1. Label residue 270 and residue 218 with points 7 Å out from Cα along Cα→Cβ: what is the distance between them in nm?
2. So how do 152, 146 line up by other beta-carbon neighbours within 10 Å, fewest first?
3. Between residue 116 and residues 5 or more places away or on another chain, which pairs have amide H atoms under 5 Å apart, with H built 1.01 Å from N, and which residues are they?
4. Too long at a 32 Å Cα-Cα cut-off: which of 24/215; 169/215; 38/169; 24/203?
5. Please give the contour-minus-distance gain from residue 200 to residue 310: 0.36 nm per residue of separation, less the Cα-Cα distance, rounded to one decimal in nm.
6. What is the fewest-to-most order of 116, 288 by other Cβ atoms lying within 10 Å of their Cβ?
7. Where the centre of each part is set by its Cα atoms, how far does the stretch 145-165 sit from the stretch 295-319, in angstrom?
8. In sequence order, what are the phi-derived ³J(HN,Hα) couplings for the stretch 138-144 according to the Karplus relation 6.51 cos²θ - 1.76 cosθ + 1.60 with θ = phi - 60°, rounded to whole Hz, with x for glycine and proline?
Amino acid sequence: MFEIFTRLADWLVYQLMGLSADTKLGDALHFFVEDVSKIYVLLVVMIYVIALARASLNVERVRDFLAGRNRGFGYLLGSGFGAITPFCSCSSIPVFLGFTSAGIPVGITMAFLLTSPLINEVAVLLLMSLLGWKFTLLYVVVGMGVGILGGVFLDQIRAERWLQSFARKALERGKQQGKQQQPAQSSGPAEKLSFAERHQFAKGETGEIFGRVWKWVIIGVGLGAALHGFVPDGWIESHLGDGQWWSVPAAVLLGIPLYSNATGVIPVMESLIVNGLPIGTTLAFCMSTVAASFPEFILLKQVMQWRLLAILFAVLLAAFTLVGWIFNLLTPFI
């Protein structure tokens, strides 16, 4: 699906610029071009499509279904949708913005945002070939569990209070639109907008959100690409390979400055395990790299206030550390 961005980066970096894939600079620039182009396209396409759907479909019924007594199912649905979408953490943010604008409860949206970068079908297949079906199944369950429990917790503390003003207003606007349209739905069919009107609405929404975040994509991915290309080979295994209890939280903290997607991190995972890093420590490091990286938080800062970012950060670090400890304990028995 995303091969076109890889080919674009190949042509620009390796052919046009003449850099080698074996150099640190070439690897870092390739990573930057591929991810920035992919995220920009996803930003435009996903925000436009979701905004068009909001203007075309009865999103209010979906929102009311998820916000009421079916909230528990909503968490599962949000996490499940995150598990089947092939997005990295930064690529998931356009969908997060679209859900927020549609008035979907923040906890359900966060369940999607937390799960999406951790699990996708390619990562599952690669992980199964590397660790077997038992570890893979446990990884999927744990990944979805992190998303669901994180969503429940953030709903309980009313995390929507700490969205940035434009995102909070969009969430409230989406809720108010649903309330205003309920009488019309009960008395007769809602007014239908023409395609041109829906297009104009979606176009305006896309332009407004893209204008807020495009530069932060460059900054965030640029930071991740620099660290991705220049971290010394073998450094992680040599410092965290002894399996002490502290090596798991250390691996989580070490993964934060880095950035990758679930598919790209599997070969790294294989290399770490082959070189002696315990499986739980490896998973904790890779989950941190995928779902708690600096580039993601730089982008999320445009949507969330510092307090919510800090809470989200703490939840992720605690979850990944527990996952690492649990997997290290269970490894002899699986």
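Readers should treat all values here as calculations from the given coordinates under stated rules, not as data from a laboratory. For clarity, every value in this text was computed on a predicted model and none was experimentally measured. Heads up, the Cβs are rebuilt from the backbone with ideal geometry, glycines too, and the neighbour counts pull from every protein chain shown.
1. Simple spin-label model gives 3.6 nm for this pair.
2. Working: 152 16, 146 25.
Least to most surrounded, the residues fall as 152, 146.
3. none
4. Numbers: 24/215 24 Å; 169/215 22 Å; 38/169 28 Å; 24/203 39 Å.
Flagged as over cut-off: 24/203.
5. Numbers: separation 110, 0.36 × 110 = 39.60 nm, distance 3.63 nm.
Extending this stretch completely gives an extra 36.0 nm.
6. Details: 116 30, 288 26.
Listing 116, 288 from fewest to most nearby Cβ atoms yields 288, 116.
7. So the separation of the two Cα centres works out to 11 Å.
8. Those phi angles translate into 5, 5, 5, 4, 5, x, 5 Hz.
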